[in-house]
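Notes follow once the structure below has been shown.
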Amino acid sequence: MLIVLGILGSVGYGAVWYYNDTQQRIATLRENNAKLEVAVQTSEASIETLQNGIEKAAELNKQLQSDLQKAEAYGDELRGKLSRMNLIQDALKDAKALEGKMNGATAKLWRGLMEDTGGSGDVPLPSWLQRVPDAGAESTSSDKGGENNGTASSETEASPAQ
């Protein structure tokens, strides 16, 4: 009887130990599962963020490519204009008018740069840049998109440093 009670006690103790061990493993597995679910959610959010970033970068890349094509076309247009002009002949013919056109185009360029970089772009022309009266006929080398502003060499003043 003692042997049977010893065997039954051993089996009972083994069953209790197995139950407790199994419950401990289940609790550990639940904790690990919760950690894995958080890690999966974080990785999915990261993947979604990366995909959105890739889409935005692709869109910006398309915009930059379009802007680059426009800039290259504008550069080609300017090269074409310069190839058709004879600046030396224009300078010898009417230096004041050419100076005014160049100053007006420069002022327009700087205003555009100021607008593109966050400035207001409504900065008035400098005091040394004055409008030249229209001579009646436009030369073939005039910048039709620019401002027709000029200076008189004898009236040019030194502008204060800004």
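The values are calculated or read from the model by the stated rules, or taken from the named source; none is laboratory data. All values derive from a computational prediction rather than experimental measurement. When we count neighbours, we look across all protein chains shown, and the Cβ atoms used for this are built from the backbone with ideal geometry, even at glycine.
Residue under question is A57, and the condition is that it be surrounded by 10 or more Cβ atoms within 10 Å (Cβ to Cβ), in contact with a Pro (Cβ under 9 Å, 6 or more places away or on another chain) and at pLDDT 80 or above; does it hold?
no
Which of the following residues is acidic (D, E), free of Cβ contacts under 8 Å to residues at least 40 places away in the same chain and closer than 30 Å to D116 by Cβ: D21, D76?
Of D21, D76, the one residue that is acidic (D, E), free of Cβ contacts under 8 Å to residues at least 40 places away in the same chain and closer than 30 Å to D116 by Cβ is D76.
Does D94 satisfy the criteria of being touching a residue at least 12 places away in the same chain (Cβ under 8 Å) and in contact with a helix residue (DSSP H, G or I) (Cβ under 7 Å, 6 or more places away or on another chain)?
So D94 fails the test.
Looking at (1) closer than 30 Å to K101 by Cα; (2) more than 23 Å from the chain's Cα centre (by Cα); (3) among the charged types (D, E, K, R), which one does D21 not meet, given that it meets all the others?
(1)
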